[in-house]
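Undergrad: Sharing a structure, written as structure tokens. Questions coming.
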Amino acid sequence: MRLSKKICNILQLLIISALFSTACVEKDVDPNDPAAAFVRARESYDDEMYEIAIQKLGEFKSRFPYSKHAPEAELMVADAHYQLGHFSEAASAYEQFVRLHPRHEKADFAQFRVGESYWAEAPDSIDREQDYTIKAITEWEKLVKNYPQSSQLSKAQELLQQGRRRVAEHSEFIAKFYCKQEIYHACAYRYLQLAEQYPQFKDLSKKAYSKAAVAFEEMSKTKSKDEQSDANIYFKSMSSSELKAKADELKKKADGIAL
């Protein structure tokens, strides 16, 4: 019973202390001096106390929404989320910053960070879905298009190459699965899609055309045995001879790619 009373007393003291601190903060904010208020609000960010910084900078933005410091406060909130590893929140905050301030001197940095936030969420393993990788690619492509003079451009282009390669390898992983399962129409379709979408990766394109050719040959064999077979549904309208001709065409394409 005594312990419960002690806990209650401690809680009451904490509540009173919190209320007193809040009151002091409120009194300390001069509604006519947003510059001074911003300096106070950013102290936690400068001290790398990012959780508190998000709160303080958010309060500043609410009190002084039209201050010249408001955009910087918004960007710092996004940065704080990024530093904390809150990548979804960071992406959203950076996106909002770019949307509201597309001509700001740091808009290109924010656009780059949108992609970086999604990239941080993307899996390295090619056997997993690459939705976040694709989102990162999309955001970096916006940077290249909208901010061609950005200092972030070189890094973005490097990451774009890595991202596209990862997505291409994921596509190859799926194509391999269909081939292994002897679902040849899906195997051929996936490999053709890979070769056509990512011609810059010659090693993958060469392999893709070669594997697709094998799949078309298998479909040709199936078709010659049963013209009504629905095993090759993606290429159902093609005759056995047409499927074989397609296989030969793809072999030539594969042979024509020099590594």
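The values are calculated or read from the model by the stated rules, or taken from the named source; none is laboratory data. Predicted model, so just to flag it, every value in this text is computed and none were measured. Cβ sites come from the backbone with ideal geometry, for glycine too, and all protein chains shown count toward neighbours. These area figures cover heavy atoms from the full protein model, side chains too; ligands, DNA and RNA do not enter into them. Shrake-Rupley method; radii C 1.70, N 1.55, O 1.52, S 1.80 Å.
Undergrad: Is there any pair linking a residue in the range 123-144 that is over 9 Å from Leu160 (Cβ atoms) and touching a residue at least 12 places away in the same chain (Cβ under 8 Å) to one that is open to solvent by 50 Å² or more (accessible area, probe 1.4 Å) and not charged (D, E, K, R), with Cβ under 8 Å and at least six apart or on different chains, and which?
TA: Between residues of the range 123-144 that are over 9 Å from Leu160 (Cβ atoms) and touching a residue at least 12 places away in the same chain (Cβ under 8 Å) and residues that are open to solvent by 50 Å² or more (accessible area, probe 1.4 Å) and not charged (D, E, K, R), the close pairs are Ile126/Phe173; Asp127/Phe173.
Undergrad: Could you tell me which of the residues Leu153, Leu100, Leu75 is surrounded by fewer than 19 Cβ atoms within 10 Å (Cβ to Cβ), aliphatic (A, V, I, L, M) and within 24 Å of Ala37 (Cα to Cα)? Steps first, please.
TA: Details: Leu153 fails: within 24 Å of Ala37 (Cα to Cα); Leu75 fails: surrounded by fewer than 19 Cβ atoms within 10 Å (Cβ to Cβ).
Answer to the check: Leu100.
Undergrad: Going by the structure shown, is Gln130 more than 26 Å from Asn232 (Cβ to Cβ) and either of a type in the set (Asp, Glu) or open to solvent by 90 Å² or more (accessible area, probe 1.4 Å) (or both)?
TA: Working: more than 26 Å from Asn232 (Cβ to Cβ): yes; either of a type in the set (Asp, Glu) or open to solvent by 90 Å² or more (accessible area, probe 1.4 Å) (or both): no.
Spelling it out, it is not the case that Gln130 is more than 26 Å from Asn232 (Cβ to Cβ) and either of a type in the set (Asp, Glu) or open to solvent by 90 Å² or more (accessible area, probe 1.4 Å) (or both).
Undergrad: Filter the range 168-192 for residues that are within 26 Å of the chain's Cα centre (by Cα) and at positive phi and give the result.
TA: Answer for the range 168-192, where residues must be within 26 Å of the chain's Cα centre (by Cα) and at positive phi: there is none.
Undergrad: While we're here: Can you work out which of the residues in the range 220-258 that are part of a helix (DSSP H, G or I) and within 11 Å of His185 (Cβ to Cβ) is most open to solvent (accessible area, probe 1.4 Å)? Quick ask: steps written out before the conclusion?
TA: In the first step, residues of the range 220-258 are kept if they are part of a helix (DSSP H, G or I); the result is 220-225, 233-235, 240-255.
Then keep just the ones that are within 11 Å of His185 (Cβ to Cβ); that gives 222-223, 233-235, 243.
Values: Thr222: 48, Lys223: 13, Ile233: 101, Tyr234: 125, Phe235: 32, Leu243: 0 Å².
Going through the qualifying residues, I end up with Tyr234.
Undergrad: Taking interchain pairs and intrachain pairs at least six residues apart, which have beta carbon atoms under 6 angstrom, with the first residue in the range 164-191 and farther than 18 Å from Glu218 by Cα and aromatic (Phe, Trp, Tyr) and the second modelled with pLDDT under 95 and open to solvent by 30 Å² or more (accessible area, probe 1.4 Å)?
TA: Note: no pairs meet the criteria.
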